[in-house]
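Peer 1: Pasting in a structure now, in structure tokens, and then I'll have a few things to ask.
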């Protein structure tokens, strides 16, 4: 069963029909029709030209109603001046037939106060008052104090009500404009919040992509690089035992790569830190590096190192992995040393090799045109996100020293 919404149930519709300006307007119409009825009753009671007065009353009501119907259809705020002039002419003609029509002056004062500017409304109200005094005099050749004072008080009251009614309408327009502005502002705010949410979502996606790129570079990419080196060594080797060892190492590295890839997909913590502290994890990756590179390695861990936040451990571990990968591919070193310790309010990880070195900020070595890639940039960006940084010291032929440093307070603030 379908239902039709009732307009009276809508608060806006209720305000439209029962708000103060609208209520006063309908009250004005009601007062006018009541005054017309009073005039007709008094005219028929006195017997002075009743049918002529009835016709003039019908003409007055018809013209009055036509004006407001036209005003409602056109949604105009004011009635035309010529309409008001014709209504005054009809009223003056009605006074000529009977002085009882002076009762309608009250309705005219309401109209004049509402429809005309301040000064014209005062002047025409005085004119209407003059006719209310003139009509009794022409018919009865006398004007009593009551006939003069009554219309004066009524006129002042009606004119004051109409001006207040006009001010109420203006206030209603201001309130409506303010409400519309507020609604527009709320809509704009909602649009801005939606745009901000979209921007934050896109920024989150970009951040996650950067994180995944670093994770893949620091783990799977390096393991695949090692697999490639062992594969080439096995292919070039004439010794079956060496080839078998290389294939065994490839199998081990591929298993580690698969494990890291699964961990990245599942967004878990690094596998090295699942069951080991940072020192043990550094020892394991350094041992793997020694196996792959055949280089001499050394690990120095400061005794009594403070407990580190997991994010700090992850950042330092990934920095060590990336730095060792660079040593393996570019440094042509014979020895690599890692040291982990604290200095003041910072934890420091140093990676030093005795390789061919390079020119910092360009990545060029003395013997090649290789340019630095994603590794150093990713390491520095990861550390800076945690309030730390990466210091690089190198020169051609003198090796390279990297110092990754992070604040110890990160462990205290986030633990």
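Peer 1: Just rank 159, 103, fewest to most, by other beta-carbon atoms within 10 angstrom.
Peer 2: 103, 159
Peer 1: Here's something else I'd like to know. Among 124, 26, 82, which comes first, then next, by fewest other beta-carbon atoms within 10 Å?
Peer 2: By the 10 Å Cβ count, ascending, the order reads 82, 26, 124.
Peer 1: Let me ask you something else. Would you kindly state how much longer the chain becomes between residue 361 and residue 195 on full extension, computed as 0.36 nm times their sequence separation minus their alpha carbon distance, in nm to one decimal?
Peer 2: Stretched fully, the residue 361-residue 195 segment lengthens by 56.0 nm.
Peer 1: Within 10 Å of each residue's Cβ, count the other Cβ atoms and sort 106, 131 from fewest upward.
Peer 2: So the ranking, lowest neighbour count to highest, is 131, 106.
Peer 1: Per 0.36 nm of contour for each residue apart, how much would the distance between residue 311 and residue 401 grow if the chain were fully extended, relative to their Cα-Cα spacing?
Peer 2: 30.1 nm
Peer 1: Also: Using Cα pairs closer than 8 Å and at least 6 residues apart in sequence, work out the relative contact order for region 277-415, in percent.
Peer 2: Here the relative contact order equals 25 percent.
Peer 1: Quick check: residue separation of residue 46 and residue 26 times 0.36 nm, minus the Cα distance between them. What number comes out in nm?
Peer 2: Working it through step by step, the gained length comes to 4.2 nm.
Peer 1: Label residue 61 and residue 182 with points 7 Å out from Cα along Cα→Cβ: what is the distance between them in nm?
Peer 2: 4.3
Peer 1: Here's another thing I want to ask about it. Assuming R0 = 30 Å, can you tell me the calculated FRET efficiency for the pair residue 130 and residue 174, based on Cβ-Cβ distance, to the nearest 0.05?
Peer 2: Efficiency at R0 = 30 Å is approximately 0.25.
Since every read-out is calculated from the coordinates, none of them should be taken as a lab result. Since we're looking at a predicted model, the values are computed, not measured. Reconstructed Cβ throughout: ideal geometry from the backbone, glycine too, with neighbour counts over all protein chains shown.
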